[in-house]
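Q: One structure coming up, written as structure tokens, with questions to follow.
The values are calculated or read from the model by the stated rules, or taken from the named source; none is laboratory data. Bear in mind that the values here come from a model prediction, so they are computed numbers and not experimental data. Cβ placement follows ideal geometry from the backbone for every residue including glycine, while neighbour counts extend to all protein chains displayed.
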Amino acid sequence: MKYIKFFILTLSILLLTGCWNYRELEDLLIVSALGIDSNEDGFDISVEVINDKMVGGGEQSSGSSSEETPIVVYSSKAKTIREAIDKIILESPKRLYLGHMNLLVISEDIAKKGINEFLDYFMRDTEIRKTFFTTVVKNAKASDVLKILQPIENITAVSIQSSLEIANVYYGEFSNQTLEEIVRCLFTTGRNPTIAATEVTGDVKKGSKNDNVSTTSPKTSIKVKGTTVFKGDKLVGYLNEKEAIYYAVVRDKIDTISLSFPCDKKDNYANIIIDGVKGKLKATVDKDEPKIAIDIAGNAAITEFNCKIDLKKPSNIKKIEEMANKEIVKQMKKTVKKVKELNSDIFGFEEQFYRNHYKYWKKKKDKWDELFKDIEVKVKSDIKIERISSSVETAKSR
Amino acid sequence: MEETNDKISGFQLSVITHFLTGAIFVGFGIISMFSLAGRDLWISSIISFIVCIIPTMLLIYYLNYNPDQNLFQKNRSLFGKWIGTIVNIILSGYVLFMLVLVLWSSTGFAITMYLIKTPSYFIAGIFVLVAAYATTKGIETIGRTSEILAYLTIIILIINIISLGTQINLDFFKPVLINGITPPIRHSLHFTSYLFTPLIMIAVIPKKNIVQNKKYKRYLIAGIYVGHFIMALTFTLITGVISSEIASFYRFPAYYVQRKVSIGGAINNLENFLSLYWFFNTFLLITMAIYFLSKFFEDLFKIKSKKINSITTYGISIIAGYLSLNLFKNTVDSIEFAKKSFPVFISTTLLGLMIIINIAVFIKKRKKKA
């Protein structure tokens, strides 16, 4: 018995050292981003992989030359995403690993055809995390975007991801839609998805060379440019940066927004930072007519004031609040109008009726597109100015 | 055969009961409940609290009959040697089926989420052999194992509740009862069937093998309802955090929702650790099922030798492991089975058998009194 136990223990040492899925890090190519373009026969897939010789530790390891780039982009064509990825293995020296993918770049043409064509792979594959960001590139191919070298941040995917996050946190633009959020919109009744839009400025070919990052003013860059609007799974239009902010307010997805508004009739402007922005959407039915109320609230601090108004007077603060609220209502109405023109319910007005007035929704669900165009939307803003920052006077007050 | 390691505490009984209640949900119950009940699942699970009273009472009533005998001895004393043996064979058939089913789902879960390239026979083999080893060591070892797993479960639950509880979106629960109360009532029966069917295995532990056995019933009821509460909580968290629409999309929504667990925004990617809870459930069911079947053979063939008993245990494990590899042709078949056939062909027939057994118990008790 002793010998049998000893044998089993020895065998365990051998068997429990690893498993069939054992993969050495050095045998993997870490995919940081994946781009999808369409072609007549299926998909054009591009993967941006991290060149570990150039990235990591900040120093180039031995054997690397200064001509090498921190990222390498591989491309292939196939009928399915999986097949295209498999084909890349024939070209790449190592196996592709998608577990750390940060970004999915979708070209405008494939977004117009419908994102349901390729989403399944990303949802089904167990290796891929569902929390990566997505973006639709407006004026270039997805493969081109991945090739553009960015200053400051070596890896293009990380650079774009950071831009999307920062655009959300500091600028208030709602851009960081993850795959999971997109899928939820597609699967849930009454709300259409949005995906961050990006734009390439400059020459794509020049942007893929090291010269683009060895200058103080890169000739080619990628910029976050508002939000796309989808109807179902198809791209139908765009919201610009400002409209994207108000969309985010309605969805209650942002905490801070920066607002510039006219503070007198002489074309002078003030700026406030609104913290703790709360957007509330309420659906009501009045005489069989659907109505939507958008309430916005938050506390603000004056960050810049270029008008000749005495900020020490409480009545003036009240006036500034009114000006700010007026501007917010104006911008919100403009955004709602634009979205209505695009005829895509990205705000989730229908979802509000579905969740809170189910019987009414059931009665009207087939006519929702017409109802959406004519739905009455009331906007109310209640921003309170709490702080005037470090100055009690304005530069123009003297 | 006299056993030396045959005592478990009331707490251990409670823990084993709780683990058994969750086992069928792994890979089968959760996905089929979501596809059946959708966002009203939380209502079904609340109704199931009431529905559960009936099988709980049946089980307790049965366990109270000759409490110091195990299930096989009870049945023989109730129905006589031949019919009693036939009843025991039928009940063992149910247990074998549940063992094979849970082995299949655990193997599938491990292959899909963790070990894509590992052969299924290797995973199933590891599961059954460890469970068989625990079984050969007696119910005391099973009890102690479950106790250790219980403490880990508490940690996992606390992390899940604190992290996911704050991510609940109440809108995901609306609209409520769009098709009326009848579907949630119907689905509560499904819920109860997944939850309660494995509990027949508890009857293999005679009351005399439980320390502090005066509070035996309390521990058993606590185990059932703690298990019930955890499953109801699981469904509520899944619906509230990712919505029932997304949950229906995935085969393992409980694993998927655990990807969202984050401790203080700094510690993330805990899903592999947190999903161990589901393996605890299936492991305990596998262990208890092997224990049940080894006791059945011990009782049937009057096995006295410890060595032969061990060989039987390993034999059962290997056969179950082999059967589990060929149980279903594919995943779709298994989900369809869980949704349609399990509650009807397994749970309902087992409930029917339990009712018959309890009627026999009732008649026997009346005769004794007379």
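Q: If A:Lys338 satisfies every condition in (1) farther than 24 Å from A:Asn192 by Cα; (2) modelled with pLDDT of 90 or more but one, which is the exception?
A: Single failed check for A:Lys338: (1).
Q: Can you report the number of residues in the range B:89-118 which are surrounded by fewer than 22 Cβ atoms within 10 Å (Cβ to Cβ), more than 14 Å from chain A (Cβ to nearest Cβ) and more than 13 Å from B:Ala320 (Cα to Cα)?
A: Count: 2.
Q: Further question on the same structure: Suppose we filter A:Ser217, A:Ser208, A:Ser162 for residues that are small (Gly, Ala, Ser) and under 16 Å from the mean Cα position of the chain (by Cα); which single one remains? Before the answer, list the steps.
A: Details: A:Ser217 fails: under 16 Å from the mean Cα position of the chain (by Cα); A:Ser208 fails: under 16 Å from the mean Cα position of the chain (by Cα).
Only one candidate qualifies: A:Ser162.
Q: While we're on this one: Going through the range B:40-58 one residue at a time, which ones are more than 15 Å from B:Met231 (Cα to Cα) and not aliphatic (A, V, I, L, M)?
A: B:Pro55, B:Thr56
Q: State all residues of the range B:167-186 that are in a helix (DSSP H, G or I) and more than 14 Å from chain A (Cβ to nearest Cβ); if no residue qualifies, say none.
A: B:Thr182, B:Pro183, B:Pro184, B:Ile185, B:Arg186
Q: Residues that are outside any loop (DSSP other than H, G, I, E, B) and over 30 Å from A:Asp369 (Cβ atoms): does the range A:174-197 have at least one? Give the steps one after another, and end with the answer.
A: Quick first cut of the range A:174-197, residues outside any loop (DSSP other than H, G, I, E, B) only: A:178-187, A:194-197.
Now drop any that are not over 30 Å from A:Asp369 (Cβ atoms), which leaves none.
No, the conditions are met nowhere in the range A:174-197.
Q: A follow-up question, please. Taking the condition of being in contact with a strand residue (DSSP E or B) (Cβ under 8 Å, 6 or more places away or on another chain) and closer than 16 Å to A:Ser258 by Cα, how many residues in the range A:302-336 meet it? Spell out how you get there, then give the answer.
A: Taking the range A:302-336 and keeping what is in contact with a strand residue (DSSP E or B) (Cβ under 8 Å, 6 or more places away or on another chain), we get A:302-307, A:311, A:317, A:320-321, A:323-329, A:332-333, A:335-336.
Of the ones still in play, those that are also closer than 16 Å to A:Ser258 by Cα are A:302-306, A:320-321, A:323-329, A:332.
Selection size over the range A:302-336: 15.
Q: Show me the helices (runs of 4 or more DSSP H) found entirely inside the range B:9-63 where at least 3 residues are modelled with pLDDT of 90 or more. Step through it out loud before you land on a result.
A: Values: elements: B:10-23, B:30-37, B:41-51, B:53-63.
Fully inside the range B:9-63 and qualifying: B:10-23, B:41-51, B:53-63.
Q: Restricting to the range A:355-388, give me the number of residues that are within 30 Å of A:Asp310 (Cβ to Cβ) and touching a Leu at 6+ places or on another chain (Cβ under 9 Å).
A: 2
Q: Suppose we filter the range A:184-208 for residues that are within 14 Å of chain B (Cβ to nearest Cβ) and of a type in the set (S, T, N, Q); how many remain?
A: Residues in the range A:184-208 being within 14 Å of chain B (Cβ to nearest Cβ) and of a type in the set (S, T, N, Q): 2 in total.
Q: When the range A:212-249 is examined, which residues are found to be crowded, with 18+ Cβ neighbours inside 10 Å, aliphatic (A, V, I, L, M) and in a strand (DSSP E or B)?
A: Once the filter is applied, which keeps residues that are crowded, with 18+ Cβ neighbours inside 10 Å, aliphatic (A, V, I, L, M) and in a strand (DSSP E or B), the range A:212-249 yields A:Ile222, A:Val224, A:Val229, A:Leu235, A:Leu239.
Q: Still on this structure: Would you check if there is a residue in the range A:312-325 being within 30 Å of A:Gly190 (Cα to Cα), part of a helix (DSSP H, G or I) and in contact (Cβ under 8 Å) with a residue 40 or more places away in the chain?
A: yes
Q: Take the residues in the range B:220-248 that are surrounded by fewer than 20 Cβ atoms within 10 Å (Cβ to Cβ) and over 16 Å from the mean Cα position of the chain (by Cα); name whichever of them is farthest from the other protein chains (Cβ to nearest Cβ).
A: Result: B:Leu233.
Q: Further, regarding this structure: Please list, ordered by residue number, the helices (runs of 4 or more DSSP H) wholly in the range A:339-398 having 2 or more residues that are among the acidic types (Asp, Glu), in the same structural domain as A:Val329 (by TED's automatic domain parsing) and crowded, with 20+ Cβ neighbours inside 10 Å. Step through it out loud before you land on a result.
A: Numbers: elements: A:349-356, A:358-364, A:368-374.
Where helices (runs of 4 or more DSSP H) fall fully within the range A:339-398 and carry at least 2 residues being among the acidic types (Asp, Glu), in the same structural domain as A:Val329 (by TED's automatic domain parsing) and crowded, with 20+ Cβ neighbours inside 10 Å, they are A:349-356.
Q: Residues of the range B:298-339 being more than 17 Å from B:Ala134 (Cβ to Cβ), among the hydrophobic types (A, V, I, L, M, F, W, C) and surrounded by fewer than 24 Cβ atoms within 10 Å (Cβ to Cβ), which ones?
A: Within the range B:298-339, B:Leu300, B:Phe301, B:Ile303, B:Ile308, B:Ile319, B:Leu323, B:Leu325, B:Leu327, B:Phe328, B:Val332, B:Ile335, B:Phe337 qualify.
Q: From B:Tyr291, B:Tyr314, which residue is more than 23 Å from B:Thr197 (Cβ to Cβ), of a type in the set (Ser, Thr, Tyr) and part of a helix (DSSP H, G or I)? Lay out the reasoning, then the answer.
A: Details: B:Tyr291 fails: more than 23 Å from B:Thr197 (Cβ to Cβ).
Selected residue: B:Tyr314, the only one of B:Tyr291, B:Tyr314 that is more than 23 Å from B:Thr197 (Cβ to Cβ), of a type in the set (Ser, Thr, Tyr) and part of a helix (DSSP H, G or I).
Q: Check B:Thr136, B:Thr153 and return the single one that is buried (at least 17 other Cβ atoms within 10 Å of the Cβ), polar (S, T, N, Q) and within 14 Å of chain A (Cβ to nearest Cβ). Please lay out each step first, then the result.
A: Details: B:Thr153 fails: within 14 Å of chain A (Cβ to nearest Cβ).
From the options B:Thr136, B:Thr153, the qualifying one is B:Thr136.
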